[in-house]
Structure formats: structure tokens, C-alpha cells
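Chemist: This is the structure I have questions about; it appears just below.
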Amino acid sequence: MQSLEEILVECERLHGHMCAGQLLGARMALLGCRLIEVDDPRGADRKKVIVWVEIDRCMADAVGAVTGARLGKRTLKYIDYGKVAATFLNTETNKAVRVVALESSRALADERFSSIANKRERQFRAYSEATDQELFKIEDVALELDEMDAPGSPRSRVICAVCQEGVNDGREVIRGDGEVVCRGCDRGTYYGKK
Ligand SMILES: [Zn+2]
Ligand SMILES: [Zn+2]
């Protein structure tokens with residue numbers, strides 16, 4: 001595994017700026033990989049790691065940078081909980097660990113580095129120097145990767161009977177009358193028709 005400093009350079013390049021969220025996300029991902037016993041997530045171990053992120057903010061990019069997990073490779077899953085948390089799965093051993101940023105970690109910067117006037121600098125110092133235990137809650141969790149969610153070529157493809165659009169990987173809905181439709185046609189779409 002690279003050092004935190006080297007990793008942060010990579011995070012900044014991918015994310016577009018350096019921020020406290022990158023630092024927190026990078027530390028979260030390093031910890032997560034260590035706990036599931038993956039040393040080289042972007043190299044030799046790249047096929048072993050699946051990550052679920054629970055927020056679509058800065059930290060999610062850092063988790064992707066450190067682990068190499070990508071939405072387009074199906075190794076990064078986005079669960080819309082609005083929480084600074086991620087779960088790391090080693091697909092070889094099935095060991096899964098969920099790491100959550102502690103609410104108390106937010107106050108560390110002000111408590112410990114009150115002499116530093118700049119808020120951003122305070123946060124950086126706190127997130128650099130705090131221990132993993134001060135920053136994160138860690139829990140062993142049970143998690144199985146569904147075959148339909150696994151990396152690799154699409155497992156299935158059907159055409160929606162209503163909109164005629166293609167649907168991959170079992171995301172279709174089979175209605176009572178046997179009609180096969182997409183989720184949008186079944187439950188309503190996130191966009192409105194004009
Ligand atoms: Zn950011
Ligand atoms: Zn449809």
C-alpha cells in the first residue's frame with residue numbers, strides 16, 4: 001500500500017481539489033482495506049475488493065481513488081443513505097467491514113487545534129493526526145454480492161414491454177400478468193415527461 005501522502009496526491013488529481021473529505025475518505029479506505037486484509041487494492045488484489053459508499057460527496061471520490069473501485073466496473077456501489085460511511089468486502093474471504101465517520105470526529109478539530117485560526121487547516125491537522133479509533137466506528141458485517149451485481153459482462157438483457165428500452169442484469173420487473181417491464185415503467189421515473 002502507498003503512503004497516505006502519495007495517496008492524497010492521487011485523490012486531488014481525480015477529485016479536482018484537496019479537501020478534508022479527501023483526507024477522511026482516504027483514511028477510511030486505507031483502514032477498510034487493512035481490515036479486510038487487502039494490501040494492494042489497485043494492483044494484485046484489484047479483483048478482490050467491492051466497496052459500498054453511503055454518500056455522494058468528496059469522501060466517495062477518495063474511497064474510489066484508494067481502492068480503485070469504480071461504478072463503471074461494478075466494484076463501487078452507491079447506497080443513498082447520506083452517511084459518511086463505506087463497507088469494504090473481500091470477495092475471496094467474504095470478510096466485510098463497515099466503517100463510519102464518528103460524529104465526535106467533527107468536533108476534534110475545534111477541540112484539539114483551537115489555536116489554529118483557519119478552519120480548513122484545523123480540520124486537516126485533526127484528520128491527519130487523530131487515531132482511527134477517534135475518527136471511525138468499525139463493524140464486522142455480513143454481506144453477499146449478488147450474482148446480478150457482480151463485475152463482468154451483463155448476466156441478462158431484456159426489452160421493456162412498455163418503453164421498448166433494454167434492461168440489463170435482472171433489473172426488470174415481471175408483473176402479475178407475466179409482462180416484463182423496466183423499473184421506470186413499473187414504479188414511475190425520476191424524471192418527468194415533457
Ligand atoms: Zn472535495
Ligand atoms: Zn420501460
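The values are calculated or read from the model by the stated rules, or taken from the named source; none is laboratory data. Keep in mind the model is a prediction, meaning the values are calculated, not measured. Cβ coordinates were reconstructed from backbone atoms using ideal geometry, including for glycine residues, and neighbour counts include every protein chain displayed. These accessible areas exclude ligands, DNA and RNA; they are computed on the full protein's heavy atoms, side chains included. Shrake-Rupley method; radii C 1.70, N 1.55, O 1.52, S 1.80 Å.
Chemist: Pull out all pairs, ordered by first then second residue, where Cβ-Cβ is under 7 Å, the residues are six or more apart or on different chains, the first lies in the range 68-93 and is within 20 Å of LEU24 (Cβ to Cβ), and the second is of a type in the set (Asp, Glu) and modelled with pLDDT of 95 or more.
Modeler: Qualifying pairs under 7 Å: TYR78/ASP56; ILE79/GLU54; TYR81/GLU54; LYS83/GLU54; ALA85/GLU54; ALA86/GLU54.
Chemist: Can you run down the residue pairs with Cβ atoms below 8 Å, 6 or more apart or on separate chains, where the first is in the range 114-128 and outside any helix (DSSP H, G or I) and the partner is buried (at least 19 other Cβ atoms within 10 Å of the Cβ)?
Modeler: Once the first residue is outside any helix (DSSP H, G or I) and sits in the range 114-128, its partners that are buried (at least 19 other Cβ atoms within 10 Å of the Cβ) give SER114/ARG122; ILE116/ARG122.
Chemist: Right, another one. Which pairs do you get when a residue that is open to solvent by less than 90 Å² (accessible area, probe 1.4 Å) and modelled with pLDDT of 95 or more, found in the range 175-193, comes within reach of a residue that is within 16 Å of ligand 1 (Cβ to nearest atom) and aromatic (Phe, Trp, Tyr), reach meaning Cβ atoms under 6 angstrom, with the pair 6+ apart or on two chains?
Modeler: That search, which allows pairs on different chains as well, returns nothing.
Chemist: Now, a different point. Quick one: how many residues across the range 112-134 are open to solvent by less than 80 Å² (accessible area, probe 1.4 Å) and basic (Lys, Arg)?
Modeler: Within the range 112-134, residues that are open to solvent by less than 80 Å² (accessible area, probe 1.4 Å) and basic (Lys, Arg) number 1.
Chemist: Exactly one condition in (1) touching a residue at least 60 places away in the same chain (Cβ under 8 Å); (2) among the hydroxyl-bearing types (Ser, Thr, Tyr); (3) closer than 16 Å to MET28 by Cα is not met by THR131; state its number.
Modeler: (1)
Chemist: Continuing with this model, one more query. So which pairs qualify, if the first residue must be in the range 146-173 and on the phi > 0 side of the Ramachandran plot, the second must be more than 10 Å from ligand 2 (Cβ to nearest atom) and open to solvent by 40 Å² or more (accessible area, probe 1.4 Å), the Cβ gap must be under 6 Å, and the two must be at least 6 apart or on different chains?
Modeler: Once the first residue is on the phi > 0 side of the Ramachandran plot and sits in the range 146-173, its partners that are more than 10 Å from ligand 2 (Cβ to nearest atom) and open to solvent by 40 Å² or more (accessible area, probe 1.4 Å) give ASP169/MET148; ASP169/PRO154; ASP169/ARG155; GLY170/MET148.
Chemist: Scan the range 151-167 for residues that are open to solvent by less than 90 Å² (accessible area, probe 1.4 Å) and not in a loop (DSSP other than H, G, I, E, B) and jot them down. Lay out the reasoning, then the answer.
Modeler: Filtering the range 151-167 down to residues open to solvent by less than 90 Å² (accessible area, probe 1.4 Å) leaves 151-156, 158, 160-163, 166-167.
Passing the criteria: VAL158, GLY166, VAL167.
Chemist: Sticking with this structure for a sec: Determine whether THR189 is hydroxyl-bearing (Ser, Thr, Tyr) and within 14 Å of ligand 2 (Cβ to nearest atom).
Modeler: Numbers: hydroxyl-bearing (Ser, Thr, Tyr): yes; within 14 Å of ligand 2 (Cβ to nearest atom): yes.
Taking the combined requirement at face value, the residue satisfies it.
Chemist: Can you confirm whether GLY170 is of a type in the set (Gly, Ala, Ser), farther than 25 Å from LEU30 by Cβ and surrounded by fewer than 13 Cβ atoms within 10 Å (Cβ to Cβ)? Write out each step before concluding.
Modeler: On the way: of a type in the set (Gly, Ala, Ser): yes; farther than 25 Å from LEU30 by Cβ: yes; surrounded by fewer than 13 Cβ atoms within 10 Å (Cβ to Cβ): no.
The answer is no for GLY170.
Chemist: Select, from PHE136, PHE124, the only residue that is modelled with pLDDT under 95 and of a type in the set (Phe, Trp, Tyr). Give the steps one after another, and end with the answer.
Modeler: Details: PHE136 fails: modelled with pLDDT under 95.
Answer to the selection: PHE124.
Chemist: Would you mind listing the strands (runs of 3 or more DSSP E) fully within the range 20-110 where at least 1 residues are open to solvent by 40 Å² or more (accessible area, probe 1.4 Å)? Spell out the reasoning first.
Modeler: Values: elements: 49-53, 76-78, 85-90, 96-101.
Here the list reads 76-78.
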